[in-house]
1. Going by the structure shown, is T302 away from the ligand (no atom under 13 Å from the Cβ) and closer than 29 Å to I41 by Cα?
2. Among the residues of the range 204-220, is any out of contact with any strand residue (DSSP E or B) (no Cβ under 9 Å at 6 or more places or on another chain), open to solvent by 80 Å² or more (accessible area, probe 1.4 Å), within 16 Å of the ligand (Cβ to nearest atom) and more than 25 Å from G16 (Cα to Cα)?
3. Can you give me the number of residues within the range 173-189 that are open to solvent by less than 40 Å² (accessible area, probe 1.4 Å) and assigned to a helix (DSSP H, G or I)?
4. Taking the conditions exactly as written (under 17 Å from G16 (Cα atoms) and small (G, A, S)), does G116 satisfy them or not?
5. If you check every pair at least six apart or on different chains, which have Cβ atoms under 7 Å apart with a residue in the range 292-308 that is more than 17 Å from A206 (Cβ to Cβ) first and a residue that is basic (K, R) and within 9 Å of the ligand (Cβ to nearest atom) second?
6. Which strands (runs of 3 or more DSSP E) does the range 190-292 wholly contain that include 3 or more residues that are at pLDDT 95 or above?
7. Out of V248, V160, V257, I need the residue that is open to solvent by 30 Å² or more (accessible area, probe 1.4 Å) and in contact with a Phe, Trp or Tyr (Cβ under 9 Å, 6 or more places away or on another chain). Which one?
8. Is it the case that some residue within the range 61-80 is touching a residue at least 60 places away in the same chain (Cβ under 8 Å), more than 17 Å from the chain's Cα centre (by Cα), open to solvent by 30 Å² or more (accessible area, probe 1.4 Å) and not assigned by TED's automatic domain parsing to the domain that holds K141?
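The values are calculated or read from the model by the stated rules, or taken from the named source; none is laboratory data. None of these values were measured; they are calculated from a predicted model. Backbone-built Cβ (ideal geometry, glycine too); neighbour counts: all protein chains shown. Ligands, DNA and RNA are excluded from the accessible area calculation, which covers all protein heavy atoms including side chains. Shrake-Rupley method; radii C 1.70, N 1.55, O 1.52, S 1.80 Å.
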Amino acid sequence: MNDVLNVVVDGLFRQGDKNLAVRLVAANGEPLPDWQPGAHIDVHLPCGLIRQYSLTGESTTESYLICVAQESASRGGSRYIHQTLRPGQTLMISAPRNLFALRDDSPVLLLAAGIGITPLYAMLLQREATGAPFTLHYFVKRRKEAAFVRELSRSLTHGVCLIHCSSEGKSPRQTLAATIPAPGDGERIYTCGPAGFMAAVREVAAARGWPEAQIHSEAFAPATPIVTSQQEETFTITLASSGEKWPVPANKSIAQVLQDNGVAVPLSCEMGICGACLTPVLDGVVDHRDTVQSAAEKTAATQHIALCCSRSHSRDLVIDL
Ligand code: FES
């Protein structure tokens, strides 16, 4: 992976009773790379795991802030950060990568659930600082689980923030329809949270007349488990630069086949959620299985493929590598 940065854990802060905010500063004391709300970083944990976390808080280069939920079904990253990570510890991270950036200054409706608040909290702060209008609806199971409650409860000049608690009778199922009005002129929705929540947002928004292109989302986990089964068809992957081609069997991803043949592939999440491996497609019909690209991007004239998880509907696929 390119652009690995050495950072030091500068502080750990409890955010609600299930989240831990982690402040990171550059180990060499220099400013960190600039970033915009919606960006995420890869965190290389000493336990050998690499995890993606959205940057949150104010968009500053002095330090980065991430906030990690304590997951009962943790695959190891959340558990390590909550139980083992300590101030002063050094870590490696990637430079910020942003596939969820605010598109323009038009009004935004921000819809967060659970730890999905992290990128949207950064968006709220930027909108408040620049005077651009916003509305944030933040859904949590219980109020004591919400992150950044104190910050979100202060009075805002350019928008409003409402926290909805399932334990108080305001679950997404009960209130989502009332929080998504018909779209205003140029208005956009940005949503982040569990896959089911974001699917519900898209369903309600579509019923209200929101165009698909004005709804932007970021997933923390693949919408459906990504598996390669023996029923998959073998197809051929071709590199446009050299003309080299290899079969991609049912039990291997394109990325694995390329790596087996000495081709460097920029992998990160390996689940189709981070966008690190997106590569332009020059010929063929992609069987898209990532959740990082929108439906519009997956049907555009010029397409990208997530090499870690997507496959091909056509017998041959030519990629711009
Ligand atoms: S490595 Fe993250 S989308 Fe492929």
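1. yes
2. no
3. Selection size over the range 173-189: 3.
4. Considered against the rule, which asks whether it is under 17 Å from G16 (Cα atoms) and small (G, A, S), G116 comes out as yes.
5. Here the result reads none, with nothing in the range 292-308 linked to a residue that is basic (K, R) and within 9 Å of the ligand (Cβ to nearest atom).
6. Working: elements: 215-218, 235-239, 245-248, 278-283.
In the range 190-292, the matching strands (runs of 3 or more DSSP E) lie at 235-239, 245-248, 278-283.
7. Numbers: V248 fails: open to solvent by 30 Å² or more (accessible area, probe 1.4 Å); V257 fails: open to solvent by 30 Å² or more (accessible area, probe 1.4 Å).
Answer to the check: V160.
8. No - not one qualifying residue is present in the range 61-80.
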